[in-house]
Amino acid sequence: MSSVTRMMSMVLSLQIITAFFFITATVSSSDSSQPGGFTMDLIQHRSKSNSSSFRRSNIDNQLRATPYADVAFDTYEYLMKLQIGTPPVEIEAILDTGSEVVWTQCLPCINCFNQSSPIFDPSKSSTYKKIRCTTPDQSCDYDVVYGDKSYSIGSFVSETVSIKSTSGQSYVMPETIIGCSHNNSAFKTSGSGIVGLNWKPLSLISQMGKHMLGAISYCFSPEGTSNINFGSNAIVSGEGTVTTPMFKKKEGPGLYYLNLDAVSVEKTRIETLGTPFHASDGNIVIDSGSTLTTLPASYCSLVREAVEKFVEAERVTSKDGTLCYKTNTMDVFPVITMHFTGGADLVLGKTNTYMAVNGGDICLAIICGPTIPLPGGVDAIFGNRAQNNFLVGYDDSSRLFSFKPTDCGVKQDIPRDSVSAASFLQFNITFVLFIYVLSLIRL
């Protein structure tokens, strides 16, 4: 190679590298806070609660508590860490696919519950902005009532919300609409609020924008680490994955519906067909904020009867009629399978469907609801206890739910954040080009 040719090759290579650095720097600076997908760990909070007061989250009081009062079930809540304001203040809030509003307790607090972290002080945040609404005093207030009659009252505000992924990358959401709550009641949580994740406009996933594809997935562990995935990281695939259609209904705005075709108790299959519970456009709401699964009374009684025929242990009498037995082993109970439309058959583990209560008895963790459908047409809930050890995906673009049996307490091979993966690729390409230039110089 002549010296002129070699020099031209070197100049061309340097121009390529310079252009590459310019392009990647531009991409990194514009997208660093907007990855196409990321993953973060969740915190599990567990407490005792009467079956009449477990929190079944749903806005506008569409649900009400069951009449059961004398069985103390464990309540499971999965908390998500968020950073609010500038400078950022870290909070922990309940993950809730059954509601819309993202809110945290704020000063001044008229009526606040105890939380483990300091209450957010808007006066110390430079990015806090009040929102004006078309009301006489231009205030923009909200009043959210949940299924157990707990409530949050406050004002909608604009604030910066940051989420730190497991890789350490921060996902920053400037001018996010959140609820600043000044009056709350009946919450029993170590967190400071709720992260609404339904499909309505003010939920967290909706405010993340189209680049997150409206996609979330989570893996709830009964013990150990749980996590949640957003965007491209939320794709559920691989061996054992099953899918079922997602339904949205005017009667239950914002809620995610599945269609339950049948429930099997061991080999006894109980069809919804021929019962008032049968539907083809969604008959059960999936809710990450509710612990127990609820079925309408008439259909639930058929499931209970099948369980009763199978179990030979001594029955424990309870005032509320909850199906309980005096036993210290799950082995006496039948396996329950939920059959969703499209061939999505979820074989539930014993801990998904039975719970130890009252210091020794074991009860069926499926609650029979009222005989009349609740407001909003909701009379069945698929709770987070039954979802344990499944990777559960919500894909709003395809209108599909995905379920994959997974040991959620074991660290999974989690996809890199999109930005981290892009940076890794950029480094590799740059390194190859650098080696190429060195080889030219040596020539």
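Results, tabulated for the structure shown:
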quantity: Taking N as its residue count, the alpha carbon Rg of the stretch 99-142 over 2.2 N^0.38 Å; calculated: 1.36
quantity: Positive-pole candidate from V378, L348, T294, dipole of the stretch 237-389, charges at beta carbon; calculated: V378
quantity: Over 22 Å [Cα-Cα, the stretch 232-342], rounded percent; calculated: 45
quantity: Dipole in debye (nearest 20) - the stretch 73-200, about Cα centre, beta carbon charges: Lys, Arg +1; Asp, Glu -1; calculated: 260
quantity: Relative frequency of Cα-Cα separations exceeding 22 Å in the stretch 41-235, percent; calculated: 47
quantity: Sparsely packed trypsin sites (Lys or Arg not before Pro) within the stretch 311-374, loop by DSSP, other Cβ within 10 Å at most 16; calculated: K319
quantity: Within the stretch 214-295, GluC sites (Glu not before Pro) in DSSP loop having at most 11 other beta-carbon neighbours inside 10 Å; calculated: E223, E239
quantity: Global form of the stretch 157-232, assessed from the alpha-carbon gyration tensor, a/c cut-off 1.5; calculated: oblate
quantity: For the stretch 237-389, size of Cβ-based charge dipole, Lys and Arg +1, Asp and Glu -1, in debye; calculated: 200
quantity: Of K124/K210; K319/K350; K250/K404; K326/K350, those spanning more than 20 Å from alpha-carbon to alpha-carbon; calculated: K124/K210; K319/K350; K250/K404
quantity: Amide H contacts under 5 Å for G254, placed H, 5+ residues apart; calculated: K249
quantity: Karplus (6.51, -1.76, 1.60) ³J(HN,Hα), θ = phi - 60°, over the stretch 87-98, in Hz, Gly and Pro reported as x; calculated: x, x, 10, 7, 10, 10, 9, 5, 6, 9, 7, x
quantity: Sorted by Cβ neighbour density within 10 Å, fewest at the top, the residues D148, D395, D143; calculated: D143, D395, D148
quantity: Extreme residue, positive dipole direction of the stretch 81-215, given options T134, L202, S116 (C-beta unit charges); calculated: L202
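Where a number appears in this text, it was derived from the coordinates with a stated rule and is not lab data. Since we're looking at a predicted model, the values are computed, not measured. We place every Cβ from the backbone using ideal geometry, glycine too, and count neighbours over all the protein chains shown.
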